[in-house]
Amino acid sequence: MVSPRGWTCEPSRTLKYQYIIETIIPAERRNNVYEFWRSDRVLLGRCEFIAGLYQQYVDNPTPENYFVALIADFILEGLYFYNGFIYFFNLASRMLMPGSADIFKMINRDELSHVRLYQKIIPEAMQTFVHSTDQIYEMFDAAVKHECLWTNHIVGNQILGISEASTEQYTKYLANIRLRSLGLDALYQDEKYKKSPYSHLERFSDTKKEAHTKANFFEAGVTSYVMSSGVSGWDEI
């Protein structure tokens, strides 16, 4: 599976997504899921925003564009996936699809490990590369708009416990956390963006505030994913 970055996603994460898709979606409809970005303009725009930032560096590999690509990575790992996680944690809070929520809890841990890495790398890069703080804020603001637009487009007010208002609050709250972790000021100053509307779901995500995982690796259980024999190519990974 190809990510919006333009390269292949981590095999373990891809297998988890594939496991869920194969479990709940009939075979004749699966390709529509994988190709949805081609037909849905909102999803395409969301992907093109991030991909365009990487393409800048591909087309013109300057130090400035490299720094922009680092920020794009941080946005992708630290902002783009989390409303999707919330969807499943919200279902699990009502005892719906708890197994899928467990899978996304593990994916969430993966993402947070990447976030922590960029929280160390980017402040060092800010000391090394010429950059514009205003540009960082503009990138985050654009990403927040894309994320809210996509989540409201696909979920909106249709799921109990999630609304367009809570999506905006959570996404801006998350963006503020990510920016502060880089030593920058919060972008969204309204008091409501200082707290998460989904704090009651932290027990399902198994994370603390400020995006630190609290699970002990050696105490974590092992989950086996059995894929259908109709999908080829995974043995090569």
Selection count, region 110-154, where residues are outside any helix (DSSP H, G or I) and touching a residue at least 24 places away in the same chain (Cβ under 8 Å): 3
Per-region count, region 1-27, residues modelled with pLDDT of 80 or more and within 22 Å of Cys148 (Cβ to Cβ): 0
Selection status of Glu64, in contact (Cβ under 8 Å) with a residue 24 or more places away in the chain, over 17 Å from the mean Cα position of the chain (by Cα), part of a helix (DSSP H, G or I) and on the phi < 0 side of the Ramachandran plot: yes
Residue among Lys105, Lys120 that is more than 18 Å from Ile154 (Cα to Cα) and either among the β-branched types (Val, Ile, Thr) or crowded, with 20+ Cβ neighbours inside 10 Å (or both): Lys105
Some residue of region 79-87 being farther than 19 Å from Ser196 by Cβ, part of a helix (DSSP H, G or I) and touching a Ser or Thr at 6+ places or on another chain (Cβ under 9 Å): no
Qualifying residues in region 33-73 (those that are charged (D, E, K, R) and surrounded by 13 or more Cβ atoms within 10 Å (Cβ to Cβ)) - the one farthest from Thr133 (Cα to Cα): Asp40
Test result for Ala175, buried (at least 19 other Cβ atoms within 10 Å of the Cβ) and in contact with a helix residue (DSSP H, G or I) (Cβ under 6 Å, 6 or more places away or on another chain): yes
Residue among Arg30, Arg94 that alone is loosely packed, with under 13 Cβ neighbours inside 10 Å, at pLDDT below 85, at negative phi and more than 20 Å from the chain's Cα centre (by Cα): Arg94
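The values are calculated or read from the model by the stated rules, or taken from the named source; none is laboratory data. Keep in mind it's a predicted model, so treat the numbers as computed, not measured. As a convention, Cβ positions derive from the backbone with ideal geometry for all residues, glycine included, and neighbour counts pool all protein chains shown.
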